[in-house]
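Every number here is computed from the coordinates shown, using simple stated rules; none is lab data. Computed from a predicted structure; not experimentally measured. Here Cβ is always computed from backbone atoms with ideal geometry, including for glycine, and neighbour counts include all displayed protein chains.
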Amino acid sequence: MKLNVNSEDREFDGDPNMPLLWVLRDHLNLSGTKFGCGIAQCGACTVHLNGKAARSCSVPAAEAQGMKIRTIEGVSAGHPLLVAWVKHDVPQCGYCQSGQIMQAAALLDEKPKPTDTDIDAAMSGNICRCGTYRRIKAAIKDAAGVA
Amino acid sequence: MSERKFEEEAQRPKVFTRRRLVLGGSLLGGALVVGYAATNFGAIAAGALSIGARAADPGAFGPFIKIDETGWVTVVNRYQEMGQGSHAGLAAIVAEELDADWEMVRFETAPANAAVYRDATLGIQGTGASQAIAGSWDQLRQAGAAARAMFVQAFARKWVLPVESIGVRNGVVYHSASQRSETFADLLADAAKITPPEHPKLKDPKDYRLIGTEIVRRKDSQSKSSGTELYTQDVRLPNMLVAMVAHPPHFGGKVGRADMAAARKVPGVVDVFEIASGVAVVAQDTWSACLGRNALKVEWDDAKAETRSSDALRALYREIAKGKTDVTGSAFQTKGKVDDAFDGELFEASFDFPYLAHAPMEPMNCVASVDGRRVKLTFAAQVQTVDQINCALAAITLPGMVEIETLPAGGSFGRRGTLTSDYIVECVNIARHVGGGRPVKLVWTREDDMSSGYYRPMAHHMVSIKCGEGGLPLAWRHNIVSQAIVPFGANELPTHGVKNSPYLSVASVVDGKIFTPKLGVPPGLWRSVGNSQSAMVMEHTVDQLARRAKRDPAEYRRAIFTKVGDVRKLAVLDLVCKKAGWGSPLDAGWARGLAVHECFGTVVAQVAEVSVLGENLRVRRVVCAVDCGIAIAPNQIAAQIEGGVCFGLGAALYGRITLDNGTPQETNFDAYRVLRMDEAPAVEVHIVPSKKTPTGIGEPGVPPIAPAVANALLSLTGRPTSSLPFVI
Ligand code: FES
Ligand code: FES
């Protein structure tokens, strides 16, 4: 099958039931998307499917066919979220952060000026065991230019 | 015999199972490790730990500093980077004394070599007890200053100038009078030839320009934000196989009979075989390994398995604490004569703590290859020396032949520091079976990880206190029930935070005992270890004592700290009260709770603002005061306290592993609830100025939050807390 990842058509001929997460990681060499729980509970594997945040651990490859898939590797270096993340030294272990950024990017695409409540609502599916939540929030607001 | 069928399930990795102790214990502590090695390999000395190791050239500036022709200064970090960001502080110590340009300083992780990279306190190469900064302060200052002196000397010789007239700033060596200057890069070849001074002059702290400033920031934010950081899970090597293991559903269980036929037929599965810890499936990729494992049919042998439930164990622990079983207590602190000290009216309380999983974001994993007697490991090693010994035993080789490339960990909280190297040995066993030096990546699912044990052990504390004048403790009896977290020496770790506490110091009679039951569930080191339980017991008890004496909890503590001369605790207490507005009115329905606790040499006070609306417990703000000696990297100190509060709060609110007939019930984040963004309080961190040697910061933020919340609840509802988690 063909998968459109970060605006490129990629070929995948394995098990169509394989979760997109493992297709990305093991077959397309895109390891920025992380495995955390496998059951759509932690958000570490968050990617965009047609612009919406989705948990790639729970989406079979076949389902992602024909969709525009965007991963952390498709987020440009100068993206305001990346810049803000570094400015606020958000990461600790860092393992959750690509998922956090993908979730935040989907939020800002939808609501460029989110409120605290918007941020809580959008981000509460993404676990950070290191507890960087407040810095994540500050970085999102910084990137969005809201106080 | 119990039977479990692992049928195929295409949608996601299936929920599995328990692990058992693969090896007896290994040991922590230098002499002990050597002793352990000697016992297991015959009478050999300390040096044997590195026999078989490839010789390493430390370079001109010693084992901790590398400088290259382009002027980059690389600080070699012997500690694991698991999120705590201690690399920033370590690099700053070197850069400060070296007068390097902070923008040209980076870090790399040290290879496994205990002879060079041992931590003095732990006695091994490993990361724990919040030792990174504390254990490196003198050594790295010396290393930085020595390297600086070498550049100065080289410059002085080259231009025939007196050493005293030469300065260094931002990686540039200069002579003001002649307006001559050269960079580290220019001088590198000459400086490398200078013999490093044995006692280089260290800076006066008043001249620090880096240490203690906001310039010191972690060096890995970019790679960790952009998804380019390489974790164990991301390792791809030529010809590498991926392995998953079906583990026994009970601790202490083992494989009875395994039907591997269906698993072998799964496309992508390369081999299926039994290992000490279960049945291994090796495959071309993660998904095939997962499907292969699901297709296994295993009968487990539970003859020696732990099959008790949490409720039964809790009841048992209470009996043990009362001295009603054959588990005898041993004294951890005694003072004065018990005689009639506990006659009359007593304050009595008891506390139950559940098992807790670490649940780091990255489940355990490891990459290993075994080629004859050479073992190569690529993973987030936390206790390299211990891992080398355990893997050498597994592969029948020497510790020095076990090469470890340490990667950053997607969290650990102690899970990667098990003294049996459980998952690492598992990976080595698989790689050994595969053989030929072919790399194998062992992948654990979240379920594997969370049901694997090495939990913070469940515990019971029981206190009886007689109070005297002003309601201050006069006699303090304290019984602790907890498994031994490390399998040697006295069961010390659970007493941390109780033993020698100021509240015991102020009493004239102390009767402290620890009871050590044996269970089949392997206990582990969990961020802040015994402190996360003892802080709850001590600080919540003291609040109740203050209330009984009709004294303000802060003022009551102040009286005790003053009496025993604990000036550091006094300072953090005063600072936290000032910053939190202690005593000032709050909105209706909100209350403040206070806790002060010392952990691994760092003192942290926290004031939490808490409300309860129906079932809904909210913590909106936590004000923290910290004394960690000289604050090297204030931004990272704040980050660790912020993170510690969230980690401790999540555990206190929701954390528990429940055993049902010995089987953990919470195996993923759906059942094992953790703190999420909408529940994360605003955390303010205030640092007490200090001139003392720096102490650790990775763990001390955790312990005070549970009692701070409990004390706020006490003030709101009048009801004390006697067990965790708060929310059931
Ligand atoms: S790995 Fe997909 S949500 Fe956790
Ligand atoms: S930074 Fe470690 S889990 Fe988020």
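Taking the Cα centre of segment B:459-717 as origin and assigning +1 to Lys and Arg Cβ atoms and -1 to Asp and Glu Cβ atoms, the resulting dipole is close to 640 debye.
For B:S223 and A:S76, what is the calculated FRET efficiency with R₀ set at 22 Å and r taken between the beta-carbons, to the nearest 0.05? Calculated value: 0.90.
Cβ crowding within 10 Å ranks B:F64, B:F726, B:F600, A:F35 as B:F726, B:F600, B:F64, A:F35, fewest other Cβ atoms first. Hydrodynamic analysis of the protein assembly as shown uses the Kirkwood radius over alpha carbon pairs. Inserted into Stokes-Einstein at 10 °C and 1.306 mPa s, it gives a translational diffusion coefficient of 56 µm²/s. Residue-normalised convex hull volume from the C-alpha trace of segment B:459-717: 142 Å³ per residue. Positive end of the dipole of the protein assembly as shown (Cβ unit charges, origin at the Cα centre): among B:G601, A:I136, B:P162, the Cα lying farthest that way belongs to B:G601.
Dipole orientation for segment B:41-226: of the candidates B:G126, B:I194, B:S225, B:G126 has the Cα lying most toward the positive pole (charges on Cβ; Lys, Arg +1; Asp, Glu -1). With distances taken between every two different alpha-carbon atoms, segment B:173-258 has a Kirkwood hydrodynamic radius of 20.8 Å.
Distance from the Cα centre of segment B:376-440 to that of segment B:287-324, in angstrom? Spelled out, the Cα-based centre of one part sits 25 Å from the other. Each stretch of four or more DSSP H residues adds -39500 (n - 2.57); spread over every residue of chain B, this sum gives -8500 deg cm²/dmol at 222 nm. Here is the short version for chain B: B:C290, B:C391, B:C467, B:C577, B:C599, B:C624, B:C628, B:C646 have no other Cys C-beta closer than 4.7 Å.
For chain A, averaging the sequence separation of C-alpha pairs within contact (under 8 Å, six or more residues apart) and dividing by the residue count gives a relative contact order of 25 percent. Could you list, in their original order, any pairs among B:K322/B:K550; B:K579/B:K692; B:K304/B:K513; B:K265/B:K297; B:K499/B:K550; B:K335/B:K569 whose Cα atoms are separated by more than 20 Å? The answer is B:K322/B:K550; B:K579/B:K692; B:K304/B:K513; B:K499/B:K550; B:K335/B:K569. Against the empirical 2.2 N^0.38 Å (N residues), segment B:593-728 has a Cα radius of gyration ratio of 1.11. Note on segment A:35-109 and segment A:9-28: Cα centroid distance 17 Å, given to the nearest whole angstrom.
With the largest listed first and rounded to whole Å, the semi-axes of the equivalent ellipsoid of segment A:2-74 from the Cα gyration tensor are 16, 13, 11.
Taking the charge dipole of segment B:459-717 about its Cα centre, with +1 at Lys and Arg Cβ atoms and -1 at Asp and Glu Cβ atoms, the residue from B:N668, B:H496, B:V685 reaching farthest to the positive side is B:H496.
Only Cα pairs under 8 Å and 6+ residues apart enter the sum, and on that basis the relative contact order of chain B stands at 16 percent. Straight-line cross-link partners of B:K224 among the lysines, defined as a Cα under 18 Å from its Cα and at least 8 positions apart when in the same chain: A:K34, A:K87, A:K137.
DSSP beta bridges confined to segment B:41-226 are antiparallel in about 70 percent of cases. DSSP beta bridges fully contained in segment B:603-728 are about 70 percent antiparallel.
At what distance in nm do the modelled label points of A:V83 and A:V146 sit from each other, each positioned 7 Å from its Cα along Cα→Cβ? Between A:V83 and A:V146, the label points sit 1.9 nm apart. Largest mean-square fluctuation among A:K137, A:K52, A:K87, in a Gaussian network model of chain A whose springs join Cα atoms under 10 Å apart, belongs to A:K87.
Modelled spin labels at B:R264 and A:D109, positioned 7 Å past Cα toward Cβ, are 4.7 nm from each other. Multiplying the residue separation of B:A303 and B:S508 by 0.36 nm and removing their Cα-Cα distance gives an extension gain of 68.9 nm. Quick one: Cα centre-to-centre distance for segment B:537-583 and segment B:207-226, in angstrom? Taking the Cα centre of segment B:207-226 as reference, the centre of segment B:537-583 is 34 Å away. Sparsely packed loop sites in segment B:125-214 (the chymotrypsin sites (Phe, Trp or Tyr not before Pro) outside DSSP H, G, I, E and B with at most 11 other Cβ atoms within 10 Å) do not occur. What you get for the protein assembly as shown, charging only the Cβ of Lys and Arg (+1) and of Asp and Glu (-1), is a dipole of about 880 debye around the Cα centre.
Taking the DSSP beta bridges with both ends in the protein assembly as shown, the antiparallel portion is around 75 percent.
Ellipsoid fit via the Cα gyration tensor, chain B: semi-axes of 41, 38, 23 Å, each the root of five times an eigenvalue, largest first. Span-like helix check, chain B: qualifying full DSSP H segments, with Cα axial length of 15 Å or more and mean Kyte-Doolittle of 1.0 or more, are B:30-41, B:705-717.
For B:S722, neighbours were defined as the other residues whose beta-carbon sits under 12 Å from its Cβ, and their charges (Lys and Arg +1, Asp and Glu -1) total +1.
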